[in-house]
Amino acid sequence: MTAVAEPAVLTDAPAKPYRSSWRKRLNAGRVITHVLLLLLVALWTLPTVGLLVSSLRDKDQLAVSGWWTALRPSESLGVTRIGTAADQVAKDGHFVISGNVFGADTNKQLGGFGLTNSTPGQTPPGGTMPMSDGGTLTVAANGAFAWTSDTQFTHTRGPRVFYLAEIAPRFTLDNYYEVLTSNGVWRSFINSFTVTIPATIIPILIAAFAAYALAWMRFPFRGFIVALVVGLLVVPLQMSLIPLLTLYNQLAQLFGAENGKTYQGIWLAHTAFGLPLAIYLLRNYMVGLPKEIMESARIDGASHFKIFTGMVLPLSFPALASFSIFQFLWVWNDLLVAMVFLGAQQDKLVLTGKLVSLLGSRGNNWEILTAGAFITIVVPLIVFFALQRYFVRGLLAGSVK
Amino acid sequence: MGDVLQQITGAIVAIVVALAACVAYFWGSNWMLDRFLSSRKVTGDAETRRDHLRDSIRPWLFLLPALLFLSVYLVYPVFETLRLSVLDKTGSNFVGFANYAWALSDNNFQRSILNNIMWLIVVPSLATAFGLVIAVLADRLWWGNIAKSLVFMPMAISFVGASVIWRFVYDYRGEGDVQIGLLNAIVTGFGLPPQAWITIPVWNSLFLMIILVWIQTGFAMVILSAALRGIPEETLEAARIDGASDVRIFFDIMIPQIIGTIVVVWTTITIVVLKVFDIIFAMTNGQWDTEVLANFMFKWMFVNFDYGRGSAVAVVIMLAVLPIMIWNIRRANAEQGTR
């Protein structure tokens, strides 16, 4: 598509390939690349953006308009009963019932009002409408109404008035406040940290020692153990659930505990489930450390223990960091292990479990779900963006070797 | 509030105790080995024998805690699950292959297998393809790194969080109401009727798969992008001088050069797909024909408490993973050979 004839003069010039590719890039191909990538990035980010924007919107607005209209006022249909004869006040020879159709809600603007469900916009704001109980009704743009009649009102049931309310765009942290306090998400937040931090720290040292042995010591069955670790990397957790739960329950009985669902239990489980990746990552990294340094240290009489703690462990910091991020994200984001080993009791739910329970109980309350979801993903996102370099390094070391 | 404080204190104590136990074990066992098998006071043959003995014991001291954890939490359960899968509901009577026979004849199991096969075809292919395309495009633009970072972001989001994000996209309101779900808003924008996407069989599975593709594409992109950088610049330059178009370069040079990496990415995502549970559990819990093996197994295990049948389904998942596991081990062994 870019085969427009080049000036013949340039054909033999040494800079030709560079120039032609520069020109090529400037037109169609280059533009298509930009547009295509922009489209893909939009596809990948918009769902999350929608969630974030929605979680910050007023919950009435969120329920009646798409998040992409968040900056425009939203219009909703409302209905109210406007008072009985008991509310009337005599004034200058008239009888008046007054109030506000919005009640105490002050951030709404009237779009129109009417007497039936299908004609809520019949009369414009400030207009006058005759009422079947006598007199006329006027509703101002701010919702204040006055129902005026020359004769005394006698009705005992206030007539219904339908109206269109325009809600000015409003952003608020109310949803977060509600989710954190009244829905128990705060507790789950603490629970997630309680599970995640020890489960991230405990495996590191255990894995590091094992990785060093597998990388730099000679002993029988070493190849077999490496193969075992590689194999265990992909063993489905589903295989472990029933036997371990049975084991935990037996232990609990032995110690007279209520059941086997404890934080200690889940820390150890996560430690074990993280070990294959930890050992694999760290071993791959340690094998790559310069052999000469190790050998000269050995010749100088340093023991394996000294070499490991004094040299290898500090040098392995990048790999340790990579693994820690992996383990942190994996444990924080895990649902299955938490459900099985910690249970579904409300005060023991971690954030993922809490979110599932909210999906069940508050499935249509998007203000709750969006704020709850954002709280569950915000910590991993911070970790991810702050430490992306180590995360990427770990991914590369873990899968392509 | 009191129990929250207690819980936090418990976690901090656990970290300290665990670290102290690790240090005490590793340092202590090494010290004991050096102390009790010291070669200082013996000479000649006895000295070399003791040196040798220490060298052959020490690796196992380093490995012991890890091996213990792996055996108890991963190796033993594999065999125990195999055993349970030929026992009855409570694990007390031998029933042979009855659990497997039941599974094969169960409608929901068959549905799960079918769905899993669909997931296995769609998710790894789409995630790898999108990852490759984004990697290639991003490497040529000045804002490529920002783009990659954004596409990579879902990797940090939990499956449950991603499910809520996408459930919001798929949200359905009755015809005539204002659609607040992005997908239905677009559909109604074209004048078509809105759909309750996650309740339409067969298609709903596809909508669930999109969630996993959305998460895994970042992974594929990062790995493939690194592989693409490994292609020698001269190769690409030579092709350009020969007048090859960008599309030809992509298919005839880039892909063959990184095919090994593509296979690795593909298999890694395949493993993730085989274990996928959270998304189905959170979105549909297997309703409307979206059942998959992992969720099906969870139901039999923790809703019906039938350990025999639950284990049998777990074994089926394990069997599906097995070929990739063997392939991985062989690859790892081959590498060791060349080292």
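Among the conditions (1) facing another protein chain (nearest Cβ under 7 Å); (2) closer than 17 Å to B:Tyr73 by Cα; (3) touching a residue at least 12 places away in the same chain (Cβ under 8 Å), the only one that A:Thr200 does not satisfy is (1).
Enumerate the pairs (first residue in the stretch A:61-86 and free of Cβ contacts under 8 Å to residues at least 40 places away in the same chain and closer than 29 Å to A:Leu46 by Cα; second residue anywhere and of a type in the set (Lys, Arg) and outside any loop (DSSP other than H, G, I, E, B)) with beta-carbon separation below 8 Å, excluding pairs fewer than 6 apart on the same chain, so at least 6 apart or on different chains. From the stretch A:61-86, the pairs are A:Trp67/A:Arg57. With respect to (1) on the phi < 0 side of the Ramachandran plot; (2) facing chain A (nearest Cβ under 9 Å); (3) in contact with a Gly (Cβ under 8 Å, 6 or more places away or on another chain), the lone exception for B:Asp88 is condition (2). Among the residues of the stretch B:141-159, the ones that are within 7 Å of chain A (Cβ to nearest Cβ), in contact with a helix residue (DSSP H, G or I) (Cβ under 6 Å, 6 or more places away or on another chain) and free of Cβ contacts under 8 Å to residues at least 24 places away in the same chain come to 3 in all.
Determine, yes or no, whether A:Val337 is more than 8 Å from chain B (Cβ to nearest Cβ), modelled with pLDDT of 90 or more and closer than 28 Å to B:Phe302 by Cα. So A:Val337 fits the description; yes. Do we have any residue at all in the stretch B:107-125 that's surrounded by fewer than 23 Cβ atoms within 10 Å (Cβ to Cβ), more than 10 Å from chain A (Cβ to nearest Cβ) and over 24 Å from the mean Cα position of the chain (by Cα)? Yes, the stretch B:107-125 contains at least one residue that is surrounded by fewer than 23 Cβ atoms within 10 Å (Cβ to Cβ), more than 10 Å from chain A (Cβ to nearest Cβ) and over 24 Å from the mean Cα position of the chain (by Cα).
For the stretch A:113-123, the criterion of being within 14 Å of chain B (Cβ to nearest Cβ) and out of contact with any Phe, Trp or Tyr (no Cβ under 7 Å at 6 or more places or on another chain) is met by at least one residue.
So how many residues does the stretch B:78-115 have that are assigned to a helix (DSSP H, G or I) and either among the charged types (D, E, K, R) or closer than 27 Å to A:Phe219 by Cα (or both)? Walk me through it before giving the result.
We begin by selecting, within the stretch B:78-115, every residue assigned to a helix (DSSP H, G or I); these are B:78-84, B:98-105, B:107-115.
If we keep only those that are either among the charged types (D, E, K, R) or closer than 27 Å to A:Phe219 by Cα (or both) too, we end up with B:78-80, B:83, B:111.
Selection size over the stretch B:78-115: 5.
A:Trp216 meets all of the listed conditions (1) under 25 Å from B:Gly10 (Cα atoms); (2) touching a residue at least 60 places away in the same chain (Cβ under 8 Å) but one, namely (1). Reported count of residues in the stretch B:227-269, each being free of Cβ contacts under 8 Å to residues at least 12 places away in the same chain, within 11 Å of another protein chain (Cβ to nearest Cβ) and not in a helix (DSSP H, G or I), is 3.
Residues checked against (1) away from chain B (no Cβ under 11 Å); (2) over 26 Å from A:Gly50 (Cα atoms); (3) surrounded by fewer than 20 Cβ atoms within 10 Å (Cβ to Cβ); (4) among the small types (Gly, Ala, Ser):
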site: A:Phe308; (1), (2), (3), (4): no, yes, no, no
site: A:Val312; (1), (2), (3), (4): yes, yes, no, no
site: A:Leu342; (1), (2), (3), (4): yes, yes, no, no
site: A:Gln345; (1), (2), (3), (4): yes, yes, yes, no
site: A:Ser357; (1), (2), (3), (4): no, no, yes, yes
site: A:Gly363; (1), (2), (3), (4): no, no, yes, yes
site: A:Trp366; (1), (2), (3), (4): no, no, no, no
site: A:Phe384; (1), (2), (3), (4): no, no, no, no
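Conditions tested, residue by residue: (1) within 7 Å of chain B (Cβ to nearest Cβ); (2) touching a Leu at 6+ places or on another chain (Cβ under 6 Å); (3) closer than 27 Å to B:Val272 by Cβ.
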site	(1), (2), (3)
A:Leu214	no, no, yes
A:Met217	yes, no, no
A:Phe221	no, no, no
A:Leu228	no, no, yes
A:Leu232	yes, yes, yes
A:Met239	yes, no, yes
A:Leu244	yes, no, yes
A:Ala252	no, no, no
A:Ala257	no, no, no
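For the stretch A:316-335, what are the residues that are free of Cβ contacts under 8 Å to residues at least 40 places away in the same chain and buried (at least 16 other Cβ atoms within 10 Å of the Cβ)? Once the filter is applied, which keeps residues that are free of Cβ contacts under 8 Å to residues at least 40 places away in the same chain and buried (at least 16 other Cβ atoms within 10 Å of the Cβ), the stretch A:316-335 yields only A:Leu335. Do we have B:Val276 as buried (at least 21 other Cβ atoms within 10 Å of the Cβ), within 9 Å of chain A (Cβ to nearest Cβ), touching a residue at least 24 places away in the same chain (Cβ under 8 Å) and farther than 22 Å from A:Leu37 by Cβ here? It is false that B:Val276 is buried (at least 21 other Cβ atoms within 10 Å of the Cβ), within 9 Å of chain A (Cβ to nearest Cβ), touching a residue at least 24 places away in the same chain (Cβ under 8 Å) and farther than 22 Å from A:Leu37 by Cβ. One residue stands out in the stretch A:259-274 among those that are facing chain B (nearest Cβ under 8 Å) and either in a loop (DSSP other than H, G, I, E, B) or more than 19 Å from B:Val78 (Cα to Cα) (or both): the one that is farthest from the chain's Cα centre (by Cα), namely A:Gln264. Pairing each residue of the stretch B:318-339 that is charged (D, E, K, R) and buried (at least 18 other Cβ atoms within 10 Å of the Cβ) with any residue that is modelled with pLDDT under 90 and assigned to a helix (DSSP H, G or I), provided the two are 6+ apart or on different chains, yields no C-beta distance under 9 Å.
Within the stretch B:270-322, the set of residues being among the hydroxyl-bearing types (Ser, Thr, Tyr) and not in a helix (DSSP H, G or I) comprises B:Thr284, B:Thr290. Looking across the stretch B:1-48, the residues that are acidic (Asp, Glu) and exposed (fewer than 13 other Cβ atoms within 10 Å of the Cβ) come down to B:Asp3, B:Asp45. Which one is surrounded by the fewest Cβ atoms within 10 Å (Cβ to Cβ), of the residues in the stretch A:169-192 that are among the hydroxyl-bearing types (Ser, Thr, Tyr) and touching a Leu at 6+ places or on another chain (Cβ under 8 Å)? Taking the candidates together, the pick is A:Thr172.
The values are calculated or read from the model by the stated rules, or taken from the named source; none is laboratory data. Bear in mind the structure is a predicted one, so any value in this text is a computation, not a measurement. Note: ideal-geometry Cβ built from the backbone for every residue, glycine included; neighbour counts use all protein chains shown.
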